[in-house]
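**Student:** Below is the structure I would like to discuss, written out as structure tokens.
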Amino acid sequence: MTQREADSLTQYGAMTRYRAANDAGNGYELEGETVADAAREAGEIVLSATTTSEVYVVRVCDTLVAIGGDAMGRNPWACDIGTVES
């Protein structure tokens, strides 16, 4: 993904990539009591979740990671959703 694509990523696009990665078995558990805590600890937040049905997108080096959880905003679960070309 180009930097421009990363900059214009929407919640819909992030959720689509998150679900696809998770359905492919590429999800992983993160440390943290809440999804918000895990996102803050993981890296630079580039897209915030405004409800528990959305995901945070965090940049970790050149990788974009989507972080979601359960309906209570707990049990953080992450999926890599793209690599930003340098």
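What follows is calculated from the coordinates using simple rules that are stated; it is not laboratory data. All of these numbers come straight from a predicted model, not from anything done at the bench. No Cβ is skipped: glycine too gets one built from the backbone with ideal geometry, and neighbour counts run over all protein chains shown.
**Student:** Counting residues that are crowded, with 16+ Cβ neighbours inside 10 Å, touching a residue at least 12 places away in the same chain (Cβ under 8 Å) and in contact with a helix residue (DSSP H, G or I) (Cβ under 8 Å, 6 or more places away or on another chain), which strands (runs of 3 or more DSSP E) fully inside the chain reach at least 3? Walk me through how you get there before you give the answer.
**Tutor:** Values: elements: 27-29, 44-47, 56-60, 63-68, 77-83.
In the chain, 56-60, 63-68, 77-83 are the strands (runs of 3 or more DSSP E) which contain 3 or more residues that are crowded, with 16+ Cβ neighbours inside 10 Å, touching a residue at least 12 places away in the same chain (Cβ under 8 Å) and in contact with a helix residue (DSSP H, G or I) (Cβ under 8 Å, 6 or more places away or on another chain).
**Student:** Hey, another quick one. Could you go through the stretch 64-82 and let me know if any residue there is touching a Ser or Thr at 6+ places or on another chain (Cβ under 6 Å) and not small (Gly, Ala, Ser). First the steps, then the outcome.
**Tutor:** First, pick out the residues of the stretch 64-82 that are touching a Ser or Thr at 6+ places or on another chain (Cβ under 6 Å): 71, 73-74, 80.
Remaining after also requiring not small (Gly, Ala, Ser): 74, 80.
Among the residues of the stretch 64-82, at least one is touching a Ser or Thr at 6+ places or on another chain (Cβ under 6 Å) and not small (Gly, Ala, Ser), which makes the answer yes.
**Student:** Further question on the same structure: Look at the stretch 15-35 and say how many of its residues are in contact with a strand residue (DSSP E or B) (Cβ under 7 Å, 6 or more places away or on another chain), of a type in the set (A, V, I, L, M, F, W, C) and farther than 14 Å from LEU64 by Cα.
**Tutor:** 2
**Student:** Something else about it: Within the stretch 7-22, does at least one residue satisfy the condition of being in contact with a Phe, Trp or Tyr (Cβ under 6 Å, 6 or more places away or on another chain) and more than 14 Å from THR83 (Cβ to Cβ)? Step through it out loud before you land on a result.
**Tutor:** To start, the set of residues in the stretch 7-22 that are in contact with a Phe, Trp or Tyr (Cβ under 6 Å, 6 or more places away or on another chain) comprises none.
Scanning the stretch 7-22, I find no residue that is in contact with a Phe, Trp or Tyr (Cβ under 6 Å, 6 or more places away or on another chain) and more than 14 Å from THR83 (Cβ to Cβ), so the answer is no.
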